[in-house]
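The block underneath contains the structure these notes are about, expressed in structure tokens.
The values are calculated or read from the model by the stated rules, or taken from the named source; none is laboratory data. Owing to the predicted nature of the structure, the values given are computational and were not obtained by experimental measurement. Here Cβ is always computed from backbone atoms with ideal geometry, including for glycine, and neighbour counts include all displayed protein chains.
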Amino acid sequence: MSARERVAGTVANYVDERTGAAKWLKKNLKKVFPDHWSFMLGEVVLYSFIILLLSGTFLTFWFDPSMREVEYEGSYEPLEGLKMSAAYASTLHISFDVRGGLLMRQIHHWAALIFMAAMVAHLLRVFFTGAFRKPREMNWVIGVGLLTLGIVEGFLGYSLPDDLLSGTGIRIAEAIIQAVPVVGSYLAYFVFGGAFPGEVFIPRIYTVHVLLIPGIFLALITAHLMLVWYQKHTQYPGPGRTEKNVVGYPLLPVYMAKAGGFFFIVFGVTAFLGAVASINPVWLFGPYTPGQISAGSQPDWYMGWLDGLVRMAPPLETHAFGHTISWNILIPGLIIPGIIFTGMALYPFIESWMTGDKREHHLLDRPRNNPNRTALGAMSLTFMLVALINGGNDLIATHFDLSINQIMWGTRIGIIVLPPLVFVITKRICLSLQRADRDLVLHGRETGRLVMLPHGEFIEVHEPLTPERAYLLTQHEQLPALAVPETDEMGVANPQGARGKLRARLSRASQEQIPKPSVDEIRELESGHH
Amino acid sequence: MARISRYRRHRLAGPVLLLIALSTVGAGFSMARAETTKVVAAQSDKATLIAEGKEIFARGCSSCHGLNAEGAGIAPSLIGVGAASVDFQVATGRMPMADMSQQAMRKRPVYNEREIAALAAYVASLAPGPAAVTNEELAWERDGNTAQGGELFRNNCAMCHNFAAQGGALTAGKYAPTLMGVEPRHIYEAMLTGPQAMPVFSDKVLTPQEKLSIIKWIKHAEEEPAIGGAALGRVGPVTEGLLAWVLGLGIFIGIAVWLTTKAR
């Protein structure tokens, strides 16, 4: 035993005698994680969050969350002598007079955009592979909570510098709060401590941005990861992979090295972006004044769909009993997002009700093998994309020489017509892919090699699949659709009522499949037709 | 007087007086004559310029604006729009219009400076209107104030032209163009005359000095280096979001695929 090993052993022993960590570590460092690129999307979210914490802490050292009016005396000449809030002046100070300040601001903002983008990508992976099924429904709900919080947190951060763009965003947020029926104006007064803009909202959102939401984030992320740890990670199907095992690499050393390296890559790329690409150039926007606005005022991308919905809403208002209800803001700003996020959170429960499948699942679905879910996901994505495109309608108009009105009408019609169309098309594509899988299993791969038989017939040689590939294409289960009993045991007709009928209808739709090759079919083929 | 009158009988008094009288009359006459010539020359020059402008107008503009610039169904009357309007529209290439679409766009001018001056003189001769200015007349570098200009720009211009003067969309395919690379005189004339969908910013709304400040700010925005790195078009968060998805997340997915590739 070398001297170094002896020292390491002594230290380890010292820690173990006091914490009993050895046993726990021995077990957990050997924990196996399956290996797939799409499992690393969630890691990007986690690492971006760490970058956000670190760069955000740096920014708090100089940021002054106050709406006190000051005269700018910093080194950015075009704003010299202008009256502005201390928040904006200190953001300029960070950008121009603090060493590394602008880089940190840009890293913080890029990390925020990537944080949200990676979160959405992670969510799509979880959705399309059915990773949210029992026992992971709770983790899915936590994930939806994190996504919602992320949008709010990002928006608050966008609002803090108190430049013209962030003030415009806050103004729209105020309008959405006011659109709440009956109590809207009171709520807005409560939030802003009086009439807009008031003098309190920057300090208030600062506390929420740096303390409350990051705190909730930390708690939810911890719960999210502990659940992954406890329930173990899902894995893609393949030979040797079952519902009872996890095939992959142990945490130490392989996964630890990969994940650790990946953290530094994420940090490096984000820092690179912060160094070479300008983001949120607050000095160009100027200080916020309620009387000013800029053409092309946009929210960050994760709010863009919401802005797009508000932009496309037709001007509808009703006046009743001394109250005005602005449907044009209420519907796109509150009702539709409410439906989307509630629906998203409830989806695992809805799906298990539709299919009647209450079993545990640790093997992921290939998206094509669940055409209904895949189509539903593609449909929702289309809805969001159309809304997002309308969020940038003015820039699309100027940069592609189009009319903003045409884009708005295009998206108004598109948001109603395209999602169902995409649903049908996606479902058909999934079924076609299933059919292709079936052909592949039954007839093998077309080699493109033509052979003339002695009696003159030409045939194309089909090469049988490897057993691994054939297994992958046939391992999924195809459950029968739920049926509604005609009568119950007492002979009463239609015992489950309309609910049962709906459930059976949905179940039929979600179990629509191309039958995978049966054992008999394969056996018949193997016995020698081809 | 007494000292001068002492010499009134001097023998040189006569010739000196004559000399003074002659030179006074001569100089006065030549000065008066020179003035007259100049006025005549300027007038005749202006008259030729107007005549020249009328001819160019008849050839290039009258098919839409009418033979006497009285306007027609498709184009407005130009009586009273002034030389500033002509200088802006023609020297930025907006007129003659390429096509009758949403609005005239900036392009390479069809006429040269002399022809534009002639057209401007002709239109200005029809009725009084705002006069054209030259870049040299506008002392924006001296009289303008960048910070004040920025404030005025955000108050009056940014809602259409974007916070960094990059342009923006208006209704039904109309747009506020980018102000990058526009000559100071054209910015000034545009504020004065309100071309296309733009409102008029008369000297009561924005004083000439304030206009110069706006020009100074725009020129500053044009020349400001991309402080934080690639400027991404200075159009706000849309391009930033695109880059975060394509470059940011794109790179991470690429690296994740590489990290999880099985060693062969």
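List of remarks:
- Of the helices (runs of 4 or more DSSP H) lying entirely inside region B:140-208, those carrying at least 1 residues that are touching a strand residue (DSSP E or B) at 6+ places or on another chain (Cβ under 7 Å) are B:158-161.
- Selection status of B:Ala230, within 24 Å of A:Gly296 (Cβ to Cβ), at pLDDT 90 or above, in contact with a strand residue (DSSP E or B) (Cβ under 6 Å, 6 or more places away or on another chain) and within 14 Å of another protein chain (Cβ to nearest Cβ): no
- Verdict on B:Gly248 being at the interface with chain A (Cβ under 8 Å from one of its Cβ atoms), in a loop (DSSP other than H, G, I, E, B) and either under 14 Å from A:Leu273 (Cα atoms) or in contact with a strand residue (DSSP E or B) (Cβ under 7 Å, 6 or more places away or on another chain) (or both): no
- Hey, A:Asn390 under 29 Å from A:Gln513 (Cα atoms), of a type in the set (S, T, N, Q), within 23 Å of the chain's Cα centre (by Cα) and buried (at least 22 other Cβ atoms within 10 Å of the Cβ) or not: no
- Selected residue (only one of B:Pro177, B:Pro184 is within 13 Å of chain A (Cβ to nearest Cβ) and either surrounded by 18 or more Cβ atoms within 10 Å (Cβ to Cβ) or closer than 25 Å to A:Ser297 by Cα (or both)): B:Pro177
- A search for C-beta distances below 6 Å between a residue of region A:33-47 that is within 8 Å of another protein chain (Cβ to nearest Cβ) and any residue that is of a type in the set (Lys, Arg) and surrounded by fewer than 21 Cβ atoms within 10 Å (Cβ to Cβ), counting only pairs 6+ apart in sequence or on different chains, returns A:Ser38/A:Arg125; A:Leu41/A:Arg125.
- Subset of region A:504-530 [part of a helix (DSSP H, G or I) and farther than 24 Å from A:Leu364 by Cα]: A:Ala504, A:Arg505, A:Asp520, A:Glu521, A:Ile522, A:Arg523, A:Glu524, A:Leu525, A:Glu526
- Verdict on A:Pro203 being surrounded by 14 or more Cβ atoms within 10 Å (Cβ to Cβ), more than 30 Å from A:Lys26 (Cα to Cα) and under 21 Å from the mean Cα position of the chain (by Cα): no
- Selection of region B:162-205 for residues being within 23 Å of A:Thr168 (Cβ to Cβ) and without any contact (Cβ under 8 Å) to a residue 12 or more places away in the chain yields B:Gly168, B:Ala169, B:Thr171, B:Pro199.
- Subset of region B:233-242 (residues that are within 19 Å of A:Gly308 (Cα to Cα) and either facing chain A (nearest Cβ under 7 Å) or surrounded by fewer than 21 Cβ atoms within 10 Å (Cβ to Cβ) (or both)): B:Val235, B:Gly236, B:Pro237, B:Val238, B:Glu240, B:Gly241, B:Leu242
- From the list B:Ala221, B:Ala256, the one residue that fits, being of a type in the set (Gly, Ala, Ser), buried (at least 19 other Cβ atoms within 10 Å of the Cβ), over 30 Å from A:Gly248 (Cα atoms) and within 11 Å of chain A (Cβ to nearest Cβ), is B:Ala221.
- Scan of region A:269-319 for residues that are surrounded by fewer than 22 Cβ atoms within 10 Å (Cβ to Cβ), within 11 Å of chain B (Cβ to nearest Cβ), over 17 Å from B:Thr239 (Cβ atoms) and β-branched (Val, Ile, Thr), ordered by number: A:Val269, A:Thr289, A:Ile293
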